[in-house]
């Protein structure tokens, strides 16, 4: 029993069943120990970044701790982007890296890097195991920290001599479980309730903390009980089903017109597990200028960080929502009842009038219509997005019913996330339908993982939207840099269908709107992994768009202007901001 074998057995005790990793010299003892640990399934991506993103996707899809492994030096440094993504999006991961023997640490030995210092800004905590006797404490703490409170990644740097050291005297591992969740204080709940009772134009602003706090049912009950119009962040999408009558859509830079106008005219924002991210708020000084703030979050650091909270409710979001739902029942039909009813009616009317249209002219493929149709054909699918225009189109047009079924790199915005994260999601959900939506720029960053899909027969369905450009950068250069296009041309892309076929992946192609239905049906029916290459217009843009240093009411939206040049008078209220 050496350190590596003890570690492998301890991972099983922690409930780990799948690892994503890439072997090398400094981690080789652990890979040898895998021979004696059949309970651990190891998946070999073709790049360490793929391993980190796969563990990330596994954790997001399952809610369990994702685990990735790499060797020292470049193996560890290649994990960094996936670790950083997990940190800023609060994804529970344990990252184990090999390290040179303790006697060589600090000598610039072969493949030595200071992984502890390198990862310090992007983990909840990190450890160096300098002795075999450190292992039980380190492993127990790593999993406890990754799971507890606001989840996140924890790193363990494991020197080779510690892996090889005698561990026969170590006790069998016992999981430390998870820390108790702090409960909200009654005083803060009373403050929140008082503000809710006084509001005439309240809006619920839901974020990723709803999913992280296992508060989905409590959130939906709260919305239904209070009948308050609701907007969602990118990570909050699915907390209310897309078709819910109170769901105004996503807010922010590429949010829906209905959501952004609703927030700007609110007199109260009930913020549930969201953090006033700049992509959601636009110009922060003019965000919801007439609104008071009730802010619920487990993380005290978020309350009041960017916007003063008139009532800050720290603690378990599920408990907070449950208690407020019961308390609100007695306060919703007071003197402001008629005003709230009129507000709700206005919001619903606006959402209907400003709903997206899918009847784009021309023979080419209209990406929003394709994605909306795919979400209808695969209503229970988990959709995993890369980063770019396609990411925003999915957020705007995919019919979502659960935030755990929409996986994307939110705060970090890491291109290359989609394909390996979809692999991880498929490993976590072996019987589920997993769809990866990527762009021609993003997929090239980790395209080697097509080999991993093929090896493990992971039935991920890939929709590759190819506009032969770095689309989001091109759109910004068009709008804000006088069409001075710089390094966005990808017209020399390979034949992606041929590339997929070379990896042994079923490949399809579509470029006409009339052929979309048949292509999507064939993609979903394909046995095993498959890729649908979709040619779209290079000039296609994502609308609406809130320009830099503008408030969310000041949206650019040529598509809407073309369809409706004379907005209804009901869209204007005394509380609307001037354009």
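Here are the numbers for the structure shown:
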item: Pair list, Cβ under 7 Å, 6 or more apart: the range 170-183 residue under 10 Å from residue 10 (Cα atoms), other residue part of a loop (DSSP other than H, G, I, E, B); result: 175/14
item: Selection within the range 465-493 - assigned to a loop (DSSP other than H, G, I, E, B) and closer than 24 Å to residue 532 by Cβ; result: 467, 468, 470, 488, 490, 491, 492, 493
item: Residue among 490, 458, 479 that is in contact (Cβ under 8 Å) with a residue 12 or more places away in the chain and under 28 Å from residue 61 (Cα atoms); result: 458
item: Count of residues meeting criterion [under 18 Å from residue 84 (Cα atoms) and in a strand (DSSP E or B)] in the range 134-184; result: 5
item: Counted residues, the range 118-143 - those being more than 17 Å from residue 172 (Cα to Cα) and crowded, with 18+ Cβ neighbours inside 10 Å; result: 9
item: Checklist (1) buried (at least 21 other Cβ atoms within 10 Å of the Cβ); (2) in contact with a strand residue (DSSP E or B) (Cβ under 8 Å, 6 or more places away or on another chain); (3) closer than 25 Å to residue 137 by Cα applied to residue 4, failing item; result: (2)
item: Unique match (being assigned by TED's automatic domain parsing to the domain that holds residue 517, over 20 Å from residue 533 (Cβ atoms) and at pLDDT 95 or above) among 390, 397, 406; result: 406
item: Of all residues in the range 185-207 being surrounded by 21 or more Cβ atoms within 10 Å (Cβ to Cβ) and either outside any helix (DSSP H, G or I) or modelled with pLDDT under 95 (or both), the one that is farthest from the chain's Cα centre (by Cα); result: 199
item: Of all residues making up the range 522-539, the number that are over 24 Å from the mean Cα position of the chain (by Cα) and assigned to a loop (DSSP other than H, G, I, E, B); result: 7
item: Selection count where residues are within 19 Å of residue 382 (Cβ to Cβ) and in contact with a strand residue (DSSP E or B) (Cβ under 8 Å, 6 or more places away or on another chain), scope the range 208-234; result: 4
item: Lone qualifier among 304, 282, 273, 362 - being on the phi > 0 side of the Ramachandran plot and not assigned by TED's automatic domain parsing to the domain that holds residue 218; result: 362
item: Hits in the range 397-426 (condition: assigned to a helix (DSSP H, G or I) and either under 22 Å from residue 50 (Cβ atoms) or in contact with a strand residue (DSSP E or B) (Cβ under 7 Å, 6 or more places away or on another chain) (or both)); result: 404, 405, 418, 419, 420, 421, 422, 423, 424, 425, 426
item: Checklist (1) in the same structural domain as residue 29 (by TED's automatic domain parsing); (2) within 20 Å of residue 292 (Cα to Cα) applied to residue 147, failing item; result: (2)
item: From 472, 444, residue being surrounded by fewer than 24 Cβ atoms within 10 Å (Cβ to Cβ) and either outside the structural domain of residue 516 (by TED's automatic domain parsing) or more than 30 Å from residue 244 (Cα to Cα) (or both); result: 444
item: Flag for residue 516 being surrounded by 15 or more Cβ atoms within 10 Å (Cβ to Cβ) and assigned to a helix (DSSP H, G or I); result: yes
item: Residue in the range 60-77 that is surrounded by fewer than 24 Cβ atoms within 10 Å (Cβ to Cβ), over 22 Å from the mean Cα position of the chain (by Cα) and not in a helix (DSSP H, G or I) present; result: yes
item: From 92, 136, residue being touching a helix residue (DSSP H, G or I) at 6+ places or on another chain (Cβ under 9 Å) and farther than 22 Å from residue 405 by Cα; result: 136
item: Criterion violated by residue 214 - all others in (1) surrounded by 19 or more Cβ atoms within 10 Å (Cβ to Cβ); (2) part of a loop (DSSP other than H, G, I, E, B); (3) under 20 Å from the mean Cα position of the chain (by Cα) satisfied; result: (1)
item: Qualifying positions in the range 304-327 - in a loop (DSSP other than H, G, I, E, B) and either under 24 Å from the mean Cα position of the chain (by Cα) or in contact (Cβ under 8 Å) with a residue 40 or more places away in the chain (or both); result: 304, 305, 306, 307, 310, 315, 316
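The values are calculated or read from the model by the stated rules, or taken from the named source; none is laboratory data. Keep in mind the model is a prediction, meaning the values are calculated, not measured. Glycine gets a Cβ as well: all are built from the backbone with ideal geometry, and neighbour counts include every protein chain shown.
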